[in-house]
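Novice: The structure under discussion is supplied below as structure tokens; questions concerning it will follow.
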């Protein structure tokens, strides 16, 4: 008995030069906690801006691990944001930072 072949539609071509519409959830201004506010400022801002400001802080203060660039070494301010952890991965960082946004 021969298996049925499924016909597939060709993948839709992406339009070149077309800009993606930003997700409204990422653009909604969020209020940082006082702990996070000490690092990035206390004004409400979108999640994307929060991430940019944290990375600027990390790079300005040389907190990225020199051997493993995916790890962030916390200073005193970031240690409070990271729940007392001395070092976190960049992926874990976003999860920990989201706990400080309302």
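The values are calculated or read from the model by the stated rules, or taken from the named source; none is laboratory data. Computed from a predicted structure; not experimentally measured. In this analysis, Cβ positions are derived from the backbone assuming ideal geometry, glycine residues included, and neighbour counts consider all displayed protein chains.
Novice: State all residues of the range 32-47 that are touching a helix residue (DSSP H, G or I) at 6+ places or on another chain (Cβ under 6 Å) and more than 12 Å from residue 101 (Cβ to Cβ); if no residue qualifies, say none.
Specialist: Once the filter is applied, which keeps residues that are touching a helix residue (DSSP H, G or I) at 6+ places or on another chain (Cβ under 6 Å) and more than 12 Å from residue 101 (Cβ to Cβ), the range 32-47 yields 38, 39.
Novice: If residue 74 satisfies all but one of (1) buried (at least 16 other Cβ atoms within 10 Å of the Cβ); (2) closer than 25 Å to residue 23 by Cα, what's the number of the condition it fails?
Specialist: (2)
Novice: Under 8 Å between Cβ atoms, at least 6 apart or on separate chains: pull out the pairs that start in the range 29-42 with a residue that is without any contact (Cβ under 8 Å) to a residue 24 or more places away in the chain and end on any residue that is in a loop (DSSP other than H, G, I, E, B) and loosely packed, with under 13 Cβ neighbours inside 10 Å.
Specialist: Hits for this filter: 34/42.
Novice: Among the residues of the range 77-95, count how many are in contact with a helix residue (DSSP H, G or I) (Cβ under 8 Å, 6 or more places away or on another chain), closer than 17 Å to residue 30 by Cα and surrounded by fewer than 16 Cβ atoms within 10 Å (Cβ to Cβ).
Specialist: The total comes to 1.
Novice: Looking only at helices (runs of 4 or more DSSP H) that fall completely inside the range 3-102, which ones have 2 or more residues that are on the phi < 0 side of the Ramachandran plot and at pLDDT 90 or above? Break it down stepwise before answering.
Specialist: Values: elements: 24-27, 34-40, 47-60, 76-81, 90-98.
Here the list reads 34-40, 47-60, 76-81, 90-98.
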